[in-house]
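Structure first, then comments.
Each value in this text was obtained by applying a stated rule to the coordinates, not by laboratory testing. What you are looking at is a predicted structure, and each value in this text was computed from that prediction instead of being measured. Here the Cβ positions follow ideal geometry from the backbone for every residue, glycine too, while neighbour counts run over all protein chains shown.
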Amino acid sequence: MNTSIRIGHLYSSLLSVAGDRGNLFALQRRSQWRGIGTEVTEIGVDETPDFTQFDLILFHGGQDKEMDVAARDLGPKAESLRAAVESDVAVLAVCAGYQLLGHYYQPSRGPRFEGIGALDVYTEAGPIRFMNHIAVECEFAQGSRQSLVGFENHSGRTYRGQSVGPLGRVLAGGGNNGEDGTEGAIYRQVYCTYMHGPVLPKNPWFTDHLIRQALRHRYGEASELEPLPAGSEERAHQAALQLAMRSKGKVTAIEATPWRA
Amino acid sequence: MGTMKQAMGPIASARLTLALSSGKLAGRTARALRMGGGTSLPGMVARRIDPLVLRKVIGRTRAAKVIVTGSNGKTTTCRMLAAIAAAGGKGVVQNRTGSNLLQGVTTVAVAGANLRGEMRADLLLFEVDEATVAAAAAEIQPDMILVTNLFRDQLDRYGELYSVAGALERSIRALPETATAILNGDDPMVASFAADASRWLLFGLRTAEVGTAVPEHAADTVRCVRCQHDLDYAKVYISHLGDFRCPNCGYARQPLGVAVTGVRLGLEGTGVTLQTPYGELRFDLGLPGLHNVYNAAAAVAAAQALGLPAEGIPAAMSSLRPAFGRLEPIAAGDRQVLLSFVKNPISYNTTLRTILQRPGPKAILAAESNTVVDGEDFAWLWDVDLEEVAPLIPWMVASGSKAEEVAMRYKYAGVSEDRIEVIPGLAPALDAALARTPPGETLYILASYTPTRELRKIMETRGWVRPFWQE
């Protein structure tokens with residue numbers, strides 16, 4: 001049987017600020033190397049597909065102006081997106097995508113951006129921007145701890161309600177709000193994070209986890225993935241983990257430099 | 001600024017002299033010790049001693065002061081403008097080596113002035129980093145600001161594109177009425193700064209000979225700067241640069257003061273025809289690539305606004321050769337190296353397109369390092385369109401402190417891992433790459449600023465290329 005997964009890439013051109021399309025490349029390659037096909041549908045402004053027809057949805061980040069466009073466009077998409085979340089479609093949401101899946105994002109100036117409320121989280125702009133390497137420890141299943149590494153670049157502070165768990169515990173970096181020691185959110189098969197980098201290429205175990213969830217959505221059963229040889233992904237992961245631990249405690253990777261005083 | 005000369009007392013003058021002499025000494029010492037070109041050290045030392053050194057020297061000169069800024073093409077545009085001015089018999093003082101933060105800009109003053117802070121020059125040309133432009137413009141009080149373009153560049157250093165744009169807009173608004181803004185009319189955001197200037201001149205392309213109908217993936221400003229609606233393009237030349245129009249609010253490209261109406265792209269150079277206030281100009285530009293056509297249009301527009309004679313332009317433009325690490329051909333024994341400084345998706349893509357015009361397989365040395373200049377976040381590598389070149393890469397070497405990340409990016413673009421050698425050290429990486437390059441063939445080096453500089457330094461010590469401060 002030819003297996004394949006259906007990926008919906010939400011606002012693929014609108015929200016593509018920091019190389020986040022690398023997440024799609026990682027999913028495609030790691031599927032392809034195992035003989036799993038990927039059908040990718042790009043979803044733009046004014047388009048209202050049935051989101052429950054996808055096995056995996058990507059919803060990436062953008063700057064405030066792009067986020068404003070997305071927020072104003074989400075209304076007619078919201079019901080179908082919430083239905084997809086409730087039917088266990090896998091979702092990876094990054095930065096603005098994360099914030100817009102929640103109740104709202106309140107920027108430091110101007111009116112707030114309304115989210116679709118698929119997750120019980122809300123976000124408010126904070127005084128400092130977290131711009132640094134970040135490392136997180138995840139425990140999706142009891143006893144299986146794994147690290148996630150990336151680069152965060154956000155001033156939003158996100159707070160979770162009780163139905164939503166964190167993606168992981170912050171080892172180094174700001175994470176959700178710099179206060180509660182958590183980063184990101186998990187609700188059903190929705191995985192939210194502030195991590196760019198992009199997040200998936202350097203965290204192959206997380207990429208594979210999403211592919212497994214997408215396969216389960218499509219075929220209704222849990223399947224083990226054929227293991228791939230460890231390569232530059234694992235080494236890049238280790239390098240990023242060391243960088244994050246080294247810059248622990250700093251808000252920005254590049255501290256204020258004298259010529260900008 | 002004219003009052004500073006009278007206002008400066010003996011202590012202020014002594015401090016200036018000490019700052020200038022110490023800065024000059026630091027530059028000489030750095031060169032003598034072969035520490036590098038001394039392109040930012042003199043300015044840094046002088047500013048420590050006298051924070052007003054740049055303001056004081058600027059206040060004592062009658063030269064026209066020009067700031068060139070923007071994401072891409074600053075260095076080349078400055079070289080072009082300097083060549084045109086020199087051809088017109090003007091004395092030019094400039095920072096020529098891509099050292100464009102405030103220390104590098106101050107180095108221009110330190111190197112160009114005598115110990116009393118006087119400078120013999122008709123034109124002071126400052127290449128300024130787009131995030132430093134507000135601070136630099138306040139000290140320089142320029143007669144002209146030229147903005148080449150604005151692309152997403154090192155997001156982790158500057159926050160977001162729009163905040164850089166905001167700082168530029170404020171700098172242009174703060175210009176005196178007599179100053180001129182030279183703006184890229186094909187860049188929807190840069191062109192919008194014309195509204196903040198009392199005098200401006202737009203440059204751009206107006207030709208069907210090059211360009212496409214749809215922006216490439218990495219394009220930055222494809223939405224209207226006024227109403228955020230998606231822009232329509234009659235023609236896209238590079239990224240988001242082109243003949244744009246907003247179907248919602250009507251914001252559109254304005255008539256161009258300097259328009260490129262003919263382009264003939266070659267491997268080593270480019271035939272260019274321009275319509276300008278001088279009349280029609282034709283020349284053979286000694287640099288390849290469409291991005292250099294934009295740089296040429298920018299330089300001609302600035303020359304025109306400065307009142308430089310047009311007669312020298314064709315000879316000046318044809319005499320140009322690639323700058324430090326800008327698709328710079330270097331003979332490495334019986335192998336050829338093409339050294340390319342790439343710093344963001346657009347410059348990477350532009351370089352790849354030029355490389356793809358050349359026949360044959362593409363042996364590549366790709367290097368990235370995390371430094372203050374090159375940033376910490378290399379996510380932008382995923383916005384580079386490597387997929388087209390990947391099947392043409394027989395083998396490659398990934399190098400720099402980010403070697404693993406570079407290797408991973410090329411792997412996911414389709415270069416299988418057994419064709420990628422990871423060698424973080426730049427010298428051994430260069431040796432390994434050259435050893436695998438057959439005699440007579442070309443090694444393409446694609447690297448960000450710091451590794452480009454270091455690789456070039458290695459090739460300087462081997463006598464393959466002259467140190468860049470001598471050029």
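Once the mean of 1/r is taken over each pair of separate Cα atoms and inverted, the protein assembly as shown shows a Kirkwood hydrodynamic radius of 27.0 Å. Isolated cysteines of chain B, defined as having no other cysteine beta carbon under 4.7 Å away, are B:C78.
In order along the stretch A:33-50, the phi-based Karplus estimate (6.51 cos²θ - 1.76 cosθ + 1.60, θ = phi - 60°) of 3J(HN,Hα) comes to 5, 10, x, 9, x, 10, 10, 9, 10, 8, 10, x, 4, 6, 9, 10, x, 7 Hz; Gly and Pro are listed as x.
Net charge in the neighbourhood of A:V136 (other residues with Cβ under 15 Å of its Cβ; Lys, Arg +1, Asp, Glu -1) is 0. Phi angles across the stretch B:315-321 convert, under the Karplus curve 6.51 cos²θ - 1.76 cosθ + 1.60 with θ = phi - 60°, into 3J(HN,Hα) values of 5, 4, 5, 7, 7, 6, 10 Hz, Gly and Pro given as x. The modelled label-to-label distance between A:M245 and A:Q162, using points 7 Å beyond Cα along the C-beta direction, is 3.7 nm.
Distances between every pair of Cα atoms in the stretch B:328-470, grouped in 10 Å steps from 0 to the bin holding the largest one, split as 12, 47, 35, 5, 0 percent. Of all aspartates and glutamates in the structure, the ones whose alpha carbon falls short of 17 Å from that of A:K248, not counting any fewer than 8 places away in one chain, are A:E137, A:E152, A:E179, A:D180, A:E183, B:D156, B:E376, B:D377.
State which entries of B:K74/B:K402; B:K24/B:K90; A:K65/A:K250; A:K77/B:K343 exceed 30 angstrom in Cα-Cα distance in the structure shown. Check vs 30 Å cut-off fails for A:K77/B:K343.
Shape summary: chain B maps onto an equivalent ellipsoid whose semi-axes, from the alpha-carbon gyration tensor, are 34, 29, 21 Å in decreasing order. Shown here for the stretch A:1-90: trypsin sites (Lys or Arg not before Pro) in loop regions (DSSP other than H, G, I, E, B) with at most 14 other Cβ atoms within 10 Å, namely A:R34. Close amide H contacts of A:G168 (hydrogens built in the peptide plane, cut-off under 5 Å, sequence separation of 5 or more or a different chain): A:E183. For chain A, modelled as a GNM whose springs connect Cα atoms under 10 angstrom apart, the maximal fluctuation among A:D120, A:D50, A:D88 occurs at A:D50.
Counting neighbouring Cβ atoms within 10 Å and putting the fewest first, the residues B:K411, B:K235 line up as B:K235, B:K411.
Taking all Cα pairs closer than 8 Å and separated by 6 or more residues, the relative contact order of the stretch A:41-183 comes to 18 percent.
Looking at chain A as a GNM with Cα springs under 10 Å, which of A:Q162, A:Q99, A:Q213 has the largest mean-square fluctuation? Largest GNM mean-square fluctuation: A:Q162. Its relative contact order, with pairs defined as Cα atoms under 8 Å and 6+ residues apart, puts the stretch B:56-318 at 18 percent. Evaluated with a Cβ-only charge set (Lys, Arg +1; Asp, Glu -1), chain B carries a dipole of roughly 1900 debye about its Cα centre, given to the nearest 20. The GluC sites (Glu not before Pro) found in the stretch A:1-64 that occupy coil by DSSP, while having at most 14 further C-beta atoms within 10 Å, are A:E47.
Taking every residue in A:61-72 and counting other chain Cβ atoms within 10 Å of its Cβ, the average works out to 2.
In order along the stretch B:344-361, phi translates into HN-Hα couplings of 7, x, 6, 5, 5, 4, 4, 5, 4, 5, 5, 5, 5, 5, 7, x, x, x Hz, rounded to whole numbers, per the Karplus curve 6.51 cos²θ - 1.76 cosθ + 1.60 with θ = phi - 60° and x for Gly and Pro.
Of interest is the spacing of the C-alpha centroids, which for the stretch A:153-182 and the stretch B:336-358 amounts to 40 Å. For A:G197, the residues whose modelled amide H falls within less than 5 Å of its own, excluding neighbours fewer than 5 places apart on the same chain, are A:F151. Sites listed here are trypsin sites (Lys or Arg not before Pro) in the stretch A:106-185 whose DSSP assignment is loop and whose Cβ has at most 10 other Cβ atoms within 10 Å: A:R109. Inter-chain Cβ neighbour count for A:235-247, averaged per residue, equals 3 (cutoff 10 Å, partner chain atoms only). The sum of -39500 (n - 2.57) across all DSSP H runs of n ≥ 4, divided by the residue count of the protein assembly as shown, sets its helix-only mean residue ellipticity at 222 nm to -10000 deg cm²/dmol. Other protein chain C-beta atoms within 10 Å of residue C-beta, averaged over B:404-414: 6.
Under a 5 Å amide H cut-off, with hydrogens placed 1.01 Å from N, A:G61 pairs with A:V17, A:V94, A:A96, A:G97 among residues at least 5 apart or on other chains. Scattering from chain A was approximated by placing one identical point on each alpha carbon and applying the Debye formula without solvent; log10 I(q)/I(0) at 0.11 1/Å stands at -0.56.
For the protein assembly as shown, the share of DSSP beta bridges that are antiparallel, to the nearest 5, is 45%.
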